[in-house]
There are 4 protein chains.
Amino acid sequence: MKKKYEMRCVTEIMDPRALADILEYADVLQIGARNMQNFSLLNEVGGCGKPILLKRGFASTLEEFMLAAEYLAVRGSRSITLCERGIRASQPHVRNMIDIAAIPLLKVETDLPIIVDLSHSLGRTDIVCEVARGVMAAGADGIMVEVIKEPSKAASDAKQQLDFGEYSQLLNALKIRD
Amino acid sequence: MKKKYEMRCVTEIMDPRALADILEYADVLQIGARNMQNFSLLNEVGGCGKPILLKRGFASTLEEFMLAAEYLAVRGSRSITLCERGIRASQPHVRNMIDIAAIPLLKVETDLPIIVDLSHSLGRTDIVCEVARGVMAAGADGIMVEVIKEPSKAASDAKQQLDFGEYSQLLNALKIRD
Amino acid sequence: MKKKYEMRCVTEIMDPRALADILEYADVLQIGARNMQNFSLLNEVGGCGKPILLKRGFASTLEEFMLAAEYLAVRGSRSITLCERGIRASQPHVRNMIDIAAIPLLKVETDLPIIVDLSHSLGRTDIVCEVARGVMAAGADGIMVEVIKEPSKAASDAKQQLDFGEYSQLLNALKIRD
Amino acid sequence: MKKKYEMRCVTEIMDPRALADILEYADVLQIGARNMQNFSLLNEVGGCGKPILLKRGFASTLEEFMLAAEYLAVRGSRSITLCERGIRASQPHVRNMIDIAAIPLLKVETDLPIIVDLSHSLGRTDIVCEVARGVMAAGADGIMVEVIKEPSKAASDAKQQLDFGEYSQLLNALKIRD
């Protein structure tokens, strides 16, 4: 059976005043790492009725992360996905260090799905397949990667973006049928 | 077929002058995280002819880790195993944060086996199974855990030690036949 | 000569929509550490015409800190004060680690005054005098401390708040005449 | 009155077996950051009768630092100087982040002198004067800097070494008469 794709528009919201406009076309609203504790934004987005993707702040504790999610839930949000995207650490081989222990802990402490943003955390593409297998095996519900036709022409973050061939390898590594 | 166990004595060496005594009974010599850059110790142990387990320092970069391994190799060591045991980070839910990206990177950069010490890194037992699955799926060659009959009576580090039941669950989680 | 006090109301703003209300009574608008990269807020506050106190994010680099200040300046702000308030680190003796090197570096790289928030960084009162002297000697233009009549009755952060006696000692330590 | 200089030879010891040789010419024995928890070395050096300079490990807590000093004291050492040399952090503007709060805390918790190694911590020379003033004002008993005739020809760490002119400025900044 052929897998049917469903395209969904995920849009990062940074200003509570932009909500009405964004709701018109976005399927999912993303709260970025820099706004995880922007409580006026959380307040507004939590009541919007659309699925929310909440990224962990880059030095936030799990407790702070879960409190931010609770902030959304209290406002009425019924579909929150947590996104681990790495902790800023003194390790030059990655941009941010993925907190693999956070995956099972968040599964125990909340009933929310958790995905891992491999592009912003690793900041490189050569180990995406191995780390993707690792976080999925540790219980993640999904991963997030940036894919672009020609990474070298990307407007930003070129080093972390997969081209179509690398994306295909990743699907293979995860045994996802194309 | 029943799996046969082979007991091996791994002994941490901290003083180069203790080498002769330790060689008599140890099968594997461990260099602990606090001694990863104790070059006089590396110098001595590197030439001893026995397998060596080299633990990563708790704030060391991968480059420093690989240089320490090279130090051993230059002295003649033919069997070096690298052990990732977590980076000290500002995250209270674990004792040290496992660097999952280090696993595939060390596999590419060296031809040495790499294992992950789940007990000293996590400092807790409730998520050992999930993280063990994760690091194995990311390419680790093995894991290291502390198991004891009655963790509550352990002389130290009681919170991180598995009892026999938890150990059995871990073997199941990794689908290792007992 | 008796020093005359001037009371000024510093108010933290977290929601761009609250600006009009806050402008009525606040002398200085504070952007908190959690909002240092809340660009829609910076955008709004930068054009308000009042002095701004910009706190450094708790894992932000100096470059990110200066870019946030530039964001305010581009919007027209003519009075921006930078506030170092410590970096989240794996050191249990303080809540956040003050980055003393940031003081002279920010003085060279910008022409903005820089103050240090000793209460939120240290999270304790017993070493406030010594650290206050240190950051002033390193070139800080001022310090910020929390003072309250009865710290034990504080609604939050009781451990970091000075009582009047400790505040008096601090003024002495800095040789500020009361 | 002219200040008389006293040259003292500080030698880093890394191998307990080198002690006898080093004792012949060294006035002070230094335990480096990488060896702060090398207990067989501490054990040997603690009983040697010469002054010891103990550097803090680059991710060590104050408690670990003080325990290492106690290790030396228990072995009989009567002259131990503590040296803060910065914590490895995710901040690219310095090599290591000086922990200014450690200075008054160590003064309270121990009766040992504490100095700050400005060269290895900052990894740059342009802010040495300001930070030196800061750490002295916070209660440090001294500082340590690397000075060399021609830093550009240094065998290592050229970026952190002062030339004679910069050293002279530093003495001025600290109001030390030459």
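Tabulated results
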{"read-out": "Any hit, segment A:68-88, residues being surrounded by fewer than 19 Cβ atoms within 10 Å (Cβ to Cβ) and among the aliphatic types (A, V, I, L, M)", "value": "yes"}
{"read-out": "Flag if B:ILE143 is within 12 Å of chain A (Cβ to nearest Cβ) and closer than 30 Å to A:LYS107 by Cβ", "value": "no"}
{"read-out": "Complete set of residues in segment B:120-138 that are small (Gly, Ala, Ser) and in contact with a strand residue (DSSP E or B) (Cβ under 7 Å, 6 or more places away or on another chain)", "value": "B:ALA132"}
{"read-out": "Residue list for segment C:19-49, restricted to those being over 19 Å from A:MET36 (Cα atoms) and surrounded by fewer than 17 Cβ atoms within 10 Å (Cβ to Cβ)", "value": "C:ALA20, C:ASP21, C:LEU23, C:GLU24, C:TYR25, C:ASP27, C:VAL28, C:GLY47, C:GLY49"}
{"read-out": "Residues satisfying the stated conditions in segment D:69-83, i.e. out of contact with any Leu (no Cβ under 8 Å at 6 or more places or on another chain) and either of a type in the set (Lys, Arg) or touching a residue at least 40 places away in the same chain (Cβ under 8 Å) (or both)", "value": "D:ARG78"}
{"read-out": "Residue satisfying condition, being under 13 Å from the mean Cα position of the chain (by Cα) and touching a residue at least 12 places away in the same chain (Cβ under 8 Å), within set A:GLU64, A:GLU150, A:GLU109, A:GLU146", "value": "A:GLU146"}
{"read-out": "Scan of segment C:1-58 for residues that are part of a loop (DSSP other than H, G, I, E, B) and acidic (Asp, Glu), ordered by number", "value": "C:GLU6, C:ASP15, C:ASP27"}
{"read-out": "Subset of segment C:166-178 (residues that are buried (at least 20 other Cβ atoms within 10 Å of the Cβ) and either basic (Lys, Arg) or not in a helix (DSSP H, G or I) (or both))", "value": "none"}
{"read-out": "Qualifying residues in segment D:112-127 (those that are buried (at least 20 other Cβ atoms within 10 Å of the Cβ) and farther than 24 Å from C:ALA173 by Cα) - the one nearest to the chain's Cα centre (by Cα)", "value": "D:ASP117"}
{"read-out": "Any hit, segment A:38-57, residues being of a type in the set (Lys, Arg) and closer than 30 Å to B:ALA89 by Cα", "value": "yes"}
{"read-out": "Residue, surrounded by the fewest Cβ atoms within 10 Å (Cβ to Cβ), within segment B:137-165, restricted to residues that are touching a helix residue (DSSP H, G or I) at 6+ places or on another chain (Cβ under 7 Å) and assigned to a helix (DSSP H, G or I)", "value": "B:SER152"}
{"read-out": "Unmet requirement for C:LEU62, which otherwise passes all of (1) within 23 Å of A:ARG17 (Cβ to Cβ); (2) surrounded by fewer than 22 Cβ atoms within 10 Å (Cβ to Cβ); (3) modelled with pLDDT of 95 or more", "value": "(1)"}
{"read-out": "Residue check, B:ILE87 closer than 25 Å to A:ALA89 by Cα, in contact with a helix residue (DSSP H, G or I) (Cβ under 7 Å, 6 or more places away or on another chain) and either of a type in the set (A, V, I, L, M) or modelled with pLDDT of 95 or more (or both)", "value": "no"}
{"read-out": "Total residues in segment A:75-105, condition farther than 13 Å from B:ALA101 by Cβ, under 17 Å from the mean Cα position of the chain (by Cα), in a loop (DSSP other than H, G, I, E, B) and facing another protein chain (nearest Cβ under 10 Å)", "value": "2"}
{"read-out": "Number of the condition not met by A:LEU162 [criteria: (1) more than 27 Å from A:GLY46 (Cβ to Cβ); (2) within 14 Å of the chain's Cα centre (by Cα); (3) more than 14 Å from every other protein chain (Cβ to nearest Cβ); (4) aliphatic (A, V, I, L, M)]", "value": "(2)"}
{"read-out": "Residue in segment D:30-50 that is hydroxyl-bearing (Ser, Thr, Tyr), within 25 Å of B:GLY57 (Cβ to Cβ) and facing another protein chain (nearest Cβ under 9 Å) present", "value": "yes"}
{"read-out": "Selected residue (criterion: nearest to the other protein chains (Cβ to nearest Cβ)) from residues of segment D:106-136 that are of a type in the set (Asp, Glu) and not in a strand (DSSP E or B)", "value": "D:GLU130"}
{"read-out": "Qualifying residue in segment B:53-63 (condition: hydrophobic (A, V, I, L, M, F, W, C) and facing chain D (nearest Cβ under 9 Å))", "value": "yes"}
{"read-out": "Qualifying residue in segment B:31-46 (condition: in contact with a strand residue (DSSP E or B) (Cβ under 9 Å, 6 or more places away or on another chain), touching a residue at least 12 places away in the same chain (Cβ under 8 Å), hydroxyl-bearing (Ser, Thr, Tyr) and over 30 Å from A:ARG85 (Cα atoms))", "value": "no"}
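The values are calculated or read from the model by the stated rules, or taken from the named source; none is laboratory data. Computed from a predicted structure; not experimentally measured. Glycine gets a Cβ as well: all are built from the backbone with ideal geometry, and neighbour counts include every protein chain shown.
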